[in-house]
Amino acid sequence: MAKRFEERILVTRPYLPPIEDFVRGLEEVWESRWLSNNGPLVKRFQKMLAGYLGLEESNVALFANGTLALELGFQALDLAGSEVITTPFTFVATSHALKRIGAKPVFADIDPVTLCLSPQAAERLITPRTKAIVPVHVYGHPCDVEGFEALGRKYGVKIVYDAAHAFGEKIGGRSIAEWGDMNMFSLHPTKLFHSCEGGLLAFRDPSLQPRLSQLRNFSITGEQSCVDVGTNAKMNELQALMGLECLKAIDALLASRARLHAAYAEAFAGCDRLRFPDPAGFRADGFQPNYAYCPVLFRDFETRERVYEGLKEANVFSRRYFYPLLTDFEPYSYGRGTCPVAEDVARRVLTLPTYHELETQDAKAIAQNVMEMI
Ligand code: T4K
């Protein structure tokens, strides 16, 4: 008998730090009367994030949100007018950011195990017009970083990871941000670690930092000079304050995601009517996942839809991330039919609720409900 939850369970809920701590931080903002334009809290947040990722401060930059961070990262790498190979199995921000700076997203298929862009599929689409590859660590699953590094070297193309879901992850004990030419981490409230809205770029070449700082501030360089077509993509002080307070809880946030993933995994163990991937098993060298999302794959579209609707009746609001596929959307329909693995996965996947306060027993009960519907 399916359990109906008294209170609505959403796919995610943002972590909120203790309100007293936030208010103490607000007093500092009131004192300084500095609200935006690279204020003291943004600078402090940037420094803390670089430290957390094990990078130099000159290798990171903060933005108002992840989408603008991607756009300006692509602009700083001069990708306008080029072809960029990416995955159709992602949130639409990935390809929008490319399109908006005048690059053409070219869609290659995904790996059926990790669900991330396949380097082999990407390589087949490289042309003289290709300037970059944008793989996505979808759900925090690790891309084949060695495979993409080899492509970057062989063809002289940039590798820019959309790491929106991958904050806090490590490969072989080192931050996932050490791979590729650039990484973008989204700090949106639906992410396990957030700053209300926000985006963080981590990049290998520190000479990009001055350009990025200009681009996010209209490309003005003084009272009487403007050197490029930048925009307003600045993080403000209240965002930085939220980020600083959430960063204090990062270990607990990672631990609760791991606890919930383990609860689902235990409940689903032995069930051959679904697949519940564990990214910890995707690499042999000690990959540390963040379990940001809990995707489950069913046998077919009809089963997925039945579970999605059935959970709603039980007051559980799962999401079909990432369905429809980007190539089903009008601006990207030129890619329709070119990525059969991604098309199949998008029709069978459902992401289950996971967030800091979700109880282990509730995750188990949700899993039980799922199994009764398939
Ligand atoms: N690349 C990738 C791979 C991404 O997934 C994203 C964003 C980006 C780039 C761009 O990064 P940002 O520019 O966003 O920093 C959500 C998020 O808005 C989006 O950030 C995220 N990916 C995407 C996967 O999910 P929606 O349209 O599904 O959000 P919404 O409003 O339906 O919220 C999801 C659930 O969270 C709901 O059940 C309500 C709950 N919620 C949401 C918010 C904002 C709360 O309980 N409180 C909240 O404050 O897109």
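The values are calculated or read from the model by the stated rules, or taken from the named source; none is laboratory data. As the structure is a computational prediction, the values presented were derived from the model and not from experiment. Please note: Cβ atoms are built from the backbone with ideal geometry, for glycine as well, and neighbour counts cover all protein chains shown.
Return yes when residue 304 is of a type in the set (Lys, Arg) and either out of contact with any strand residue (DSSP E or B) (no Cβ under 8 Å at 6 or more places or on another chain) or surrounded by fewer than 15 Cβ atoms within 10 Å (Cβ to Cβ) (or both) and no when it is not.
On the way: of a type in the set (Lys, Arg): yes; either out of contact with any strand residue (DSSP E or B) (no Cβ under 8 Å at 6 or more places or on another chain) or surrounded by fewer than 15 Cβ atoms within 10 Å (Cβ to Cβ) (or both): no.
In short, no.
Quick check: is even one residue across region 188-195 modelled with pLDDT of 95 or more and closer than 15 Å to residue 116 by Cα?
No, every residue in region 188-195 fails to be modelled with pLDDT of 95 or more and closer than 15 Å to residue 116 by Cα.
Would you pick out the residues in region 178-218 that are within 16 Å of the ligand (Cβ to nearest atom) and hydroxyl-bearing (Ser, Thr, Tyr)?
Those that are within 16 Å of the ligand (Cβ to nearest atom) and hydroxyl-bearing (Ser, Thr, Tyr): 186, 190, 195.
Does residue 7 meet the test of being loosely packed, with under 13 Cβ neighbours inside 10 Å and within 16 Å of the ligand (Cβ to nearest atom)? Break it down into steps so the answer makes sense when it comes.
Values: loosely packed, with under 13 Cβ neighbours inside 10 Å: yes; within 16 Å of the ligand (Cβ to nearest atom): yes.
Spelling it out, residue 7 is indeed loosely packed, with under 13 Cβ neighbours inside 10 Å and within 16 Å of the ligand (Cβ to nearest atom).
Please enumerate the residues belonging to region 194-207 that are crowded, with 24+ Cβ neighbours inside 10 Å and of a type outside the set (Gly, Ala, Ser).
The answer is 200, 201, 203.
So, in region 33-51, of the ones that are loosely packed, with under 13 Cβ neighbours inside 10 Å and touching a residue at least 40 places away in the same chain (Cβ under 8 Å), which residue ends up farthest from residue 359 (Cα to Cα)? Before the answer, list the steps.
Filtering region 33-51 for residues loosely packed, with under 13 Cβ neighbours inside 10 Å gives 33, 35, 37, 47.
From the residues that got through so far, the ones that are touching a residue at least 40 places away in the same chain (Cβ under 8 Å) too are 35, 37.
Values: 35: 37, 37: 40 Å.
Selected residue: 37.
Could you list all residues from region 349-368 that are part of a helix (DSSP H, G or I) and buried (at least 21 other Cβ atoms within 10 Å of the Cβ)? It would help to see each step written out before you state the result.
As a first pass, look at region 349-368 and keep what is part of a helix (DSSP H, G or I): 360-368.
Within region 349-368, 363, 366, 367 qualify.
I need the helices (runs of 4 or more DSSP H) fully contained in region 196-302, keeping only those with at least 3 residues that are within 19 Å of the chain's Cα centre (by Cα) and within 30 Å of residue 353 (Cβ to Cβ).
On the way: elements: 208-215, 237-247, 250-268.
Ranges flagged: 237-247, 250-268.
List pairs: first residue in region 82-93 and farther than 14 Å from residue 122 by Cβ and touching a residue at least 60 places away in the same chain (Cβ under 8 Å), second residue in a loop (DSSP other than H, G, I, E, B) and more than 10 Å from the ligand (Cβ to nearest atom) anywhere in the structure, Cβ distance under 7 angstrom, at least six positions apart or on different chains.
From residues that are farther than 14 Å from residue 122 by Cβ and touching a residue at least 60 places away in the same chain (Cβ under 8 Å), the pairs are 92/329.
Tell me which residues, restricted to region 157-177, are away from the ligand (no atom under 12 Å from the Cβ) and either in contact with a Leu (Cβ under 8 Å, 6 or more places away or on another chain) or at positive phi (or both). It would help to see each step written out before you state the result.
Applying the first criterion (away from the ligand (no atom under 12 Å from the Cβ)) to region 157-177 yields 157-159, 168-177.
Selection gives 157, 158, 159, 168, 172, 173, 175, 177.
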